[in-house]
Amino acid sequence: METAFTPLTSLAGGLLIGLAAVLLMALHGRIAGATGILSGIVLPAGWSEWSWRAAMVAGMASAPTAMMLATGTYPEITVPVPLAYLIVGGVIVGFGASLGNGCTSGHGVCGMARFSPRSIAATLVFMATTALTVFVIRHGIGG
Amino acid sequence: MRFLSAYLIGLVFGVGIVVSGMANPAKVLNFFDVAGTWDPSLIFVMGGALAVAALGYRFVLRRPAPVLAETFQVPTRRDLDVRLIVGAAVFGIGWGIAGFCPGGALPALGTGRVEVAIFVAAVIAGIGAARILPDLRRGPRRPTVP
């Protein structure tokens with residue numbers, strides 16, 4: 001299934017993601033990594049560690065509604081894979097990101113922005129394995 | 001104050017994710033499908049986010065402390081290890097299968113779609129599995145060589 005090329009909105013969204021990362025560091029002194037934030041909610045280490053993460057996820061989840069109120073249109077989310085892929089992929093995502101200490105936001109944005117060698121290596125590796133996985137699923141097995 | 005600021009930062013992050021297309025698995029998977037229905041939009045997400053974060057961090061991390069907390073909590077390790085590389089490789093496989101990453105899925109949760117909630121529950125299960133891994137490794141003793 002094709003999706004439209006959206007360089008301007010994607011750039012605008014990227015700028016906001018970067019802004020949120022900078023604000024979280026400036027105000028709370030933390031890395032805006034989604035996996036770390038989610039881990040800190042489900043495996044809490046005390047109230048003060050839990051509460052800001054829960055508030056931040058609540059803010060993230062408010063985004064579609066806020067955009068609906070602002071623009072009148074609901075964001076387009078198309079899941080082009082069967083539910084089983086979401087379950088299997090989800091477990092693998094959680095396991096891998098936890099083992100590797102980060103995901104797209106933690107390593108790919110925050111870590112790379114700090115020029116961390118670990119994050120640069122992790123990002124290169126997961127970009128490669130993601131592309132390879134998509135290739136195998138779309139052109140290897142089914143294609 | 002900490003709540004409100006964390007909530008608003010989450011909102012900015014979430015709006016960024018949704019506007020950028022990262023909350024849409026169809027778009028994410030197409031970004032990686034160079035040999036098929038390629039959609040290069042996500043290069044612009046990464047580029048925009050990195051430019052702002054790299055520049056912003058430079059200024060912010062020069063300050064003695066964050067505004068609402070006592071210290072900056074930034075990872076200091078710089079060495080590469082097997083755990084990092086294997087974890088990243090495994091993460092990528094999962095991302096390629098599902099099309100959602102955690103940062104994309106959490107804002108998408110707000111749409112109320114059941115598939116997103118199921119994906120997030122699966123991610124949590126994976127995080128839990130990774131956390132008990134070191135214990136398992138420590139658990140059974142190595143067989144002693146006679």
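Structure values in brief
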item	result
In the stretch A:77-90, the residues that are surrounded by fewer than 24 Cβ atoms within 10 Å (Cβ to Cβ) and free of Cβ contacts under 8 Å to residues at least 12 places away in the same chain	A:I77, A:V79, A:V81, A:P82, A:L83, A:A84, A:Y85, A:I87, A:V88
Condition check for B:V74: closer than 22 Å to B:M22 by Cα and within 19 Å of the chain's Cα centre (by Cα)	no
Residue in the stretch A:79-93 that is out of contact with any His (no Cβ under 8 Å at 6 or more places or on another chain), more than 7 Å from chain B (Cβ to nearest Cβ) and aromatic (F, W, Y) present	no
Test: residue in the stretch A:59-76 that is farther than 21 Å from B:V19 by Cα and either at pLDDT below 95 or among the aromatic types (F, W, Y) (or both)	no
The stretch A:10-35, residues that are buried (at least 21 other Cβ atoms within 10 Å of the Cβ), in a loop (DSSP other than H, G, I, E, B) and at the interface with chain B (Cβ under 7 Å from one of its Cβ atoms)	A:R30, A:I31, A:A32
Hits in the stretch A:36-79 (condition: more than 16 Å from B:A117 (Cα to Cα) and outside any helix (DSSP H, G or I))	A:L43, A:P44, A:A45, A:G46, A:G72, A:T73, A:Y74, A:P75, A:E76
Candidates B:V116, B:V86, B:V52 - the one that is more than 7 Å from chain A (Cβ to nearest Cβ) and in contact with a Leu (Cβ under 7 Å, 6 or more places away or on another chain)	B:V116
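The values are calculated or read from the model by the stated rules, or taken from the named source; none is laboratory data. The model shown is predicted, which means the values in this text are computed figures rather than measured ones. Cβ: placed from backbone, ideal geometry, glycine included. Neighbour counts: every protein chain shown.
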